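Colleague: Provided herewith is a single structure, encoded as structure tokens, for subsequent inquiry.
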Amino acid sequence: MKSVGIIGLGNMGVGMAANLQRYCAAHGQVLRVFDLDREKVRTLSAAGAHASHSVAELAADCDLVMTSLPSAREINAVAEAIFEHAKPNTLWLETSTNNVADWHALTQRAPAHLTLVDAPITGGFEGARDGTLTMLLGGHEDDIAPIRALLGAITQRALVMGPSGAGYVTKLAQLHLNYLVAQGIGEALMLGAKAGLALDQLHDVLSHSCAQSYVVDAYVPRVLDGSYDPSFALGLARKDMRLICELGDHLGVDLELGKQVLAAYEDATERFGFEAPHLSILKRIEDSSETELRA
């Protein structure tokens with residue numbers, strides 16, 4: 001594989017691209033990058049990546065195309081250029097969080113010479129920066145085996161979860177628990193705050209008990225310091241919850257808790273704005289309780 005391309009240099013894409021550039025430079029390969037934010041492209045170009053001026057140009061030049069995009073709308077938009085311009089035997093790894101039905105529709109329309117694999121990632125922007133992501137793949141091991149060494153530059157684990165769509169389903173199941181627990185930490189912390197507990201000490205107890213989780217470990221400090229974690233937008237969290245509930249409808253699963261959490265994210269996004277930090281969801285309980293959650 002001589003040329004690798006990545007489309008989308010947001011919080012996740014930029015970290016993956018930086019690690020891919022180091023890998024490609026060490027293995028005699030070329031990394032090509034594209035994003036509408038040309039400043040991000042220039043930064044990676046300064047590190048040695050090749051700047052593409054369009055999705056079509058990147059797709060025509062690469063053996064492996066990776067996308068890291070905000071939503072199904074952007075994925076569907078770039079798909080047309082990839083379908084039209086990708087070389088024979090190109091592999092497209094789609095690393096975003098996407099609608100399973102939309103992805104299946106794309107796989108049905110894709111040209112026969114192009115292999116599509118859903119490959120959503122989990123591990124946050126820190127994992128993208130540090131090359132420790134988990135990648136959840138919907139496809140066949142035969143398609144993944146030739147690029148496993150390259151994936152090692154950006155992931156700690158790359159797991160084939162099943163056929164096309166299985167990666168997305170796994171990611172949405174994981175996110176479902178993530179957002180449920182995010183709601184729960186607000187209620188748990190507020191119980192402590194109203195009872196006069198020191199919330200940093202309560203956090204320490206939660207982190208060393210059956211309540212321990214990534215959400216407790218990583219999210220609680222970003223609530224207690226008042227930052228609410230600006231690395232991910234509230235509106236994108238709402239998008240994820242919509243996808244989760246759509247998947248439940250598609251599979252015939254009544255997501256009773258999921259629907260309640262989605263309603264909370266809908267309300268929070270309307271009140272605080274799409275670009276607000278995603279943990280602004282906990283401002284709802286702060287407002288209703290007239291108490292801020294602070295250490």
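Colleague: Does the range 257-266 include one or more residues that are of a type in the set (Phe, Trp, Tyr) and either closer than 15 Å to His176 by Cα or buried (at least 19 other Cβ atoms within 10 Å of the Cβ) (or both)?
Modeller: Yes, there is a match, as at least one residue in the range 257-266 is of a type in the set (Phe, Trp, Tyr) and either closer than 15 Å to His176 by Cα or buried (at least 19 other Cβ atoms within 10 Å of the Cβ) (or both).
Colleague: With the requirement that a residue be crowded, with 19+ Cβ neighbours inside 10 Å, within 14 Å of Gly13 (Cβ to Cβ) and either modelled with pLDDT under 95 or not small (Gly, Ala, Ser) (or both), what does the range 47-70 give you?
Modeller: Val55, Leu58, Val65, Met66, Thr67, Leu69
Colleague: Pairs, please: C-beta under 8 Å, at least 6 apart or cross-chain, first residue assigned by TED's automatic domain parsing to the domain that holds Gly8 and without any contact (Cβ under 8 Å) to a residue 60 or more places away in the chain and in the range 42-68, second part of a loop (DSSP other than H, G, I, E, B) and of a type in the set (A, V, I, L, M)?
Modeller: Leu44/Leu9; Ala59/Ala86; Ala60/Ala86; Cys62/Ala86
Colleague: Regarding Thr43, is this residue more than 21 Å from Leu150 (Cβ to Cβ), modelled with pLDDT of 95 or more and either among the polar types (S, T, N, Q) or surrounded by fewer than 16 Cβ atoms within 10 Å (Cβ to Cβ) (or both)?
Modeller: yes
Colleague: Looking at the range 223-280, which of its residues are of a type outside the set (Gly, Ala, Ser), touching a residue at least 24 places away in the same chain (Cβ under 8 Å) and part of a loop (DSSP other than H, G, I, E, B)?
Modeller: Matches in the range 223-280: Asp225, Tyr228, Asp229, Pro230, Phe232, Leu255, Phe274, Glu275.
Colleague: Among the residues of the range 106-127, are any part of a strand (DSSP E or B) and of a type in the set (Ser, Thr, Tyr)?
Modeller: yes
Colleague: Next question, about the same structure. Report, ordered by the first and then the second residue, all pairs with beta carbons closer than 6 Å, sequence separation of six or more or different chains, a first member in the range 123-142 that is surrounded by fewer than 15 Cβ atoms within 10 Å (Cβ to Cβ), and a second member that is at pLDDT 95 or above.
Modeller: If the second residue must be at pLDDT 95 or above, the pairs left are Glu141/Val160.
Colleague: Hey, among the residues in the range 163-180 that are hydrophobic (A, V, I, L, M, F, W, C) and surrounded by 18 or more Cβ atoms within 10 Å (Cβ to Cβ), which one's farthest from Leu262 (Cα to Cα)?
Modeller: Ala166
Colleague: Restrict the check to the range 268-282 and report whether at least one residue is surrounded by fewer than 13 Cβ atoms within 10 Å (Cβ to Cβ), of a type in the set (A, V, I, L, M) and modelled with pLDDT of 95 or more.
Modeller: No, the range 268-282 has no match at all.
Colleague: I would also like to ask the following. Quick one: what pairs do we get from the range 86-108, first residue aromatic (Phe, Trp, Tyr), second assigned to a helix (DSSP H, G or I) and crowded, with 21+ Cβ neighbours inside 10 Å, C-beta under 7 Å, 6+ apart or different chains?
Modeller: From residues that are aromatic (Phe, Trp, Tyr), the pairs are Trp92/Ile82; Trp103/Tyr168.
The values are calculated or read from the model by the stated rules, or taken from the named source; none is laboratory data. Computed from a predicted model, the values in this text were never measured in an experiment. Glycine also receives a Cβ, built like all others from the backbone with ideal geometry; neighbour counts cover every protein chain displayed.
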